[in-house]
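Reading through the structure tokens given below for one structure.
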Amino acid sequence: MIIDLSRSIENDIPADPPGLGPKITYANHFAGVEEMVSMFPGLKPSDLPDGEAWAAERMSVTTHNGTHVDAPWHYASTMDGGKPAMTIDEVPLDWFLRPGVKLDFRHVASGHVVSAAELQQAFDAIGYKLQPFDIVLMNTSAGAAYGTPQYVGSGCGFGRESTLWLLDRGVKVVGTDGWSWDAPFSFTRERFSREHDASIIWEGHKAGREKAYCQIEKVANLEHLPATGFTVCCFPVKVKGGSAGFSRVVALLEEKTPGSLDPR
């Protein structure tokens, strides 16, 4: 069984802060006729089956639109205590096809920063001992808010302590159904205005300065996954020198009768 864990890249969905969303221009089969005719001298539109050519799309996007994998380069110019940070085309491919684990944090309030102790409790609750290279996916309340104006500000986050707790146990790839691995910026702004502690800003991401890792953001359909017993495939698009790459993230579950599931 294949479970699609990816969000579409699409217009007019409030899945990013204002001004950061994708823009897609669609050209149908008739709009493509002029291009095709220009490439084949003597070709007439009437020569084409049903007068149709190709359909195509033009996109203005960032590599962080839709479901994507962040590279260490996104977090800082260095990783592992001073080494040059890997861009998305440099990250080892064997990180991206590994056993998956899902932790359920849907009951946790938006804006909460999950601690290492809370991670340990979550693993204890499902009776699982974390293994090196496991891909750990976080099901937060953000998943249910996707497609609404509340999405970017929904879900709990994972800060420096909990991120390093995972990395110290050999994890290289993590994922969340939220807009960010960290707590939503709206809550961090409130904390910063009170505490004036810059270390809380993007603290989960910045853990990558100490230990290299990748994170998947805007994962979908985690409520359809069991806690364990599946493999995650999340190969990122190879963007030269990129801070991230789009990914069609899927979970592979064993079953007696092959099939697929694409919840929408």
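With respect to the stated conditions, Trp95 is surrounded by fewer than 22 Cβ atoms within 10 Å (Cβ to Cβ), assigned by TED's automatic domain parsing to the domain that holds Leu222 and aromatic (Phe, Trp, Tyr).
Go through (1) surrounded by 19 or more Cβ atoms within 10 Å (Cβ to Cβ); (2) free of Cβ contacts under 8 Å to residues at least 60 places away in the same chain and name the single condition Lys102 misses. Result: Lys102 passes all but (2).
When residues in region 108-124 are screened for being farther than 20 Å from Ala227 by Cβ and of a type in the set (A, V, I, L, M), 2 of them pass.
The set of residues from region 105-131 being surrounded by fewer than 18 Cβ atoms within 10 Å (Cβ to Cβ), more than 18 Å from Ser180 (Cβ to Cβ) and aliphatic (A, V, I, L, M) comprises Ala116, Ala117, Ala125, Ile126, Leu130.
Among the residues of region 164-171, are any out of contact with any Lys or Arg (no Cβ under 7 Å at 6 or more places or on another chain), small (Gly, Ala, Ser) and closer than 21 Å to Ala220 by Cα? Break it down into steps so the answer makes sense when it comes.
From region 164-171, those out of contact with any Lys or Arg (no Cβ under 7 Å at 6 or more places or on another chain) are 165-166, 168-171; that's our starting set.
Of the ones still in play, those that are also small (Gly, Ala, Ser) are 170.
Those still in the list that are closer than 21 Å to Ala220 by Cα too: none.
Scanning region 164-171 turns up no residue that is out of contact with any Lys or Arg (no Cβ under 7 Å at 6 or more places or on another chain), small (Gly, Ala, Ser) and closer than 21 Å to Ala220 by Cα.
Please determine whether any residue of region 2-21 is among the basic types (Lys, Arg), surrounded by fewer than 14 Cβ atoms within 10 Å (Cβ to Cβ) and not assigned by TED's automatic domain parsing to the domain that holds Ala144. No - not one qualifying residue is present in region 2-21. What is the residue count in region 112-133 for residues that are of a type outside the set (A, V, I, L, M) and either outside the structural domain of Trp202 (by TED's automatic domain parsing) or in contact (Cβ under 8 Å) with a residue 60 or more places away in the chain (or both)? Final tally of qualifying residues: 2.
Rundown of residues vs (1) modelled with pLDDT of 95 or more; (2) touching a Ser or Thr at 6+ places or on another chain (Cβ under 8 Å); (3) in a loop (DSSP other than H, G, I, E, B), yes/no style:
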| position | (1), (2), (3) |
| --- | --- |
| Thr87 | yes, yes, yes |
| Val91 | yes, no, yes |
| Arg98 | yes, yes, no |
| Leu103 | yes, no, no |
| Arg106 | yes, yes, yes |
| Gly111 | yes, yes, yes |
| Gln121 | yes, no, no |
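For region 127-147, filtered to residues that are touching a Lys or Arg at 6+ places or on another chain (Cβ under 7 Å) and not in a loop (DSSP other than H, G, I, E, B), the residue that is farthest from Gly229 (Cα to Cα) is Asn139.
Taking region 1-78 as the region of interest, none of the strands (runs of 3 or more DSSP E) fully inside it holds 3 or more residues being under 20 Å from Pro149 (Cβ atoms) and touching a residue at least 24 places away in the same chain (Cβ under 8 Å).
The values are calculated or read from the model by the stated rules, or taken from the named source; none is laboratory data. What you see is a predicted model, and the numbers here were worked out from it, not measured in a lab. Note that each Cβ is placed from the backbone with ideal geometry, even for glycine, and that neighbours are counted across all protein chains shown.
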